[in-house]
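Before any comments, here is the structure.
The values are calculated or read from the model by the stated rules, or taken from the named source; none is laboratory data. For clarity, every value in this text was computed on a predicted model and none was experimentally measured. All Cβ positions, even for glycine, are placed from backbone atoms using ideal geometry, and neighbour counts span all protein chains on display.
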Amino acid sequence: MLTVNVELADRRYPIFIGENLLGNSELLLPFLDKRRVLIVTNDVVAPLYLEKVKSTLRSIDCEELVIADGEQHKNLDMAVKIYDKLLAGKYDRSSTLIALGGGVVGDITGFVAATYQRGINFIQIPTTLLAQVDSSVGGKTGVNHPQGKNMIGAFHQPQCVLIDTTVLNTLPEREVKAGLAEVVKYGLINVAGFFDWLEQHTDEILKLDPERISYVVKVCCEQKAAIVAKDEQEGGVRALLNFGHTFGHAIETAMGYGNWLHGEAVATGMVMAADLSMRMGCLDQSKAFRIKSTLAKFGMPVEPPATISAQEYIDLMSSDKKAKRGKIRFVVLNTIGEAVLKDDIDMELLKQTLEAQDRLCL
């Protein structure tokens, strides 16, 4: 088992990474102290792993709430169902929520934990690759609004994150590929050597080779932890983690939540961001082509939907929470492994990226 610590100004919390950790009560019980626990999971994960987690917590007063699966359910209505369960059960401030599932379960459970009785503890047990390498770490919680993704939320750090890499064996191939988008992101924004390594081990990673996957999760969690430690509430360097997300969130919103997986939209968004970086003169053309080629090699979508107009993109991106004083902010690349935040984008160059018919043709 590997342990990565997230170091915050007022406390630290561990990320446990390894195989067959769901049954390890010694990892979870120290964070519960015999408190009441509500496990929030979804109708896909529950039949696979709920009983295993409950058996691990057999000495705890533990209940569960199973919610519907899918990004389209990450909204205030679903949050209210969790509040209703907590209120009906008279859960108090000493209670703990456990998020057992992917990014949707983790985000909405964390949001409820942040806001129920002004804040209660929660634990993340991510069951998708995307959640394991990114969304379960760092304390971003929230729900979607019809006009924008994650527009309602809070920063609320978990007590710990338990990552059992064996659960990925039950993950659909599409979800694995979508999760790899966030993996590639770390190589693009911060660790060029990791991007090189990913290129060299594509086949083994796609086959979920245990050694390779553990390494992937460890590197991503270390990178995320280091960035969060420097900038917990995204006042500076943490914004670089949004590479590809400004375009990607617009795609998710325009296409309807759940039709494009988050990782799929981010993969395409990273290609668009690389294209924009190239048009701005920041990124060498050969490196931009290499980024698209690598994402395609991992089986990710690399072309945006043809149905979204340039103006629709601009409207959606202008109202994105990453916009500042009406200006769209983009993370662009100077090279592979070096990202910068820009809010002075030439709108003509942006429109060229949005309207391109030959965007980084392979």
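Side notes on the structure shown:
- Tabulated pairs, region 49-73, first touching a residue at least 12 places away in the same chain (Cβ under 8 Å) and over 25 Å from Asp33 (Cβ atoms), second charged (D, E, K, R) and surrounded by fewer than 18 Cβ atoms within 10 Å (Cβ to Cβ), C-beta under 6 angstrom, 6+ apart or interchain: Val66/Asp43; Asp69/Asp43
- The residues of region 83-107 that are β-branched (Val, Ile, Thr) and in contact with a strand residue (DSSP E or B) (Cβ under 6 Å, 6 or more places away or on another chain), listed by number, are Thr96, Ile98, Val105.
- Pairing residues of region 161-180 that are over 21 Å from Lys52 (Cβ atoms) with residues that are among the charged types (D, E, K, R), at Cβ distances under 7 Å and at least 6 apart in sequence or on separate chains, gives Ala178/Glu264.
- Only residues that are more than 15 Å from the chain's Cα centre (by Cα), crowded, with 16+ Cβ neighbours inside 10 Å and either outside any strand (DSSP E or B) or not aliphatic (A, V, I, L, M) (or both) were counted in region 157-170, giving 6.
- Those residues of region 205-223 which are β-branched (Val, Ile, Thr) and more than 14 Å from Val176 (Cβ to Cβ), in sequence order: Val219
- Within region 285-303, residues that are in the same structural domain as Phe247 (by TED's automatic domain parsing) and free of Cβ contacts under 8 Å to residues at least 24 places away in the same chain have Cβ atoms under 7 Å from residues that are assigned to a helix (DSSP H, G or I) and surrounded by 20 or more Cβ atoms within 10 Å (Cβ to Cβ) in these pairs: Gln285/Met278, counting only partners at least 6 apart in sequence or on another chain.
- Where a residue in region 103-115 is under 10 Å from Ile82 (Cα atoms) and its partner, wherever it lies, is basic (Lys, Arg), with Cβ under 8 Å and at least six apart: Ile108/Lys74
- Taken across region 221-238, residues that are at positive phi and outside the structural domain of Leu129 (by TED's automatic domain parsing) do occur, with at least one present.
- Among the residues of region 163-202, those that are farther than 13 Å from Val133 by Cα and hydroxyl-bearing (Ser, Thr, Tyr) comprise Thr166, Thr170, Thr202.
- Taking first residues from region 344-356 that are touching a residue at least 24 places away in the same chain (Cβ under 8 Å) and part of a helix (DSSP H, G or I) and partners that are buried (at least 16 other Cβ atoms within 10 Å of the Cβ) and hydroxyl-bearing (Ser, Thr, Tyr), the Cβ contacts under 7 Å between residues at least 6 apart in sequence or on separate chains come to Leu354/Tyr313.
- When Leu29 is tested against (1) at pLDDT 95 or above; (2) over 23 Å from Gly263 (Cβ atoms), just one condition goes unmet, and that condition is (1).
- Top-ranked residue of region 113-170 - restricted to ones that are touching a Phe, Trp or Tyr at 6+ places or on another chain (Cβ under 7 Å) and of a type in the set (S, T, N, Q), ranked as farthest from Ala229 (Cα to Cα): Asn144
- Total residues in region 269-287, condition of a type outside the set (D, E, K, R) and in contact with a strand residue (DSSP E or B) (Cβ under 8 Å, 6 or more places away or on another chain): 7
- Residue selected from region 25-68 under the condition among the polar types (S, T, N, Q) and in contact with a strand residue (DSSP E or B) (Cβ under 8 Å, 6 or more places away or on another chain), by the criterion surrounded by the fewest Cβ atoms within 10 Å (Cβ to Cβ): Asn42
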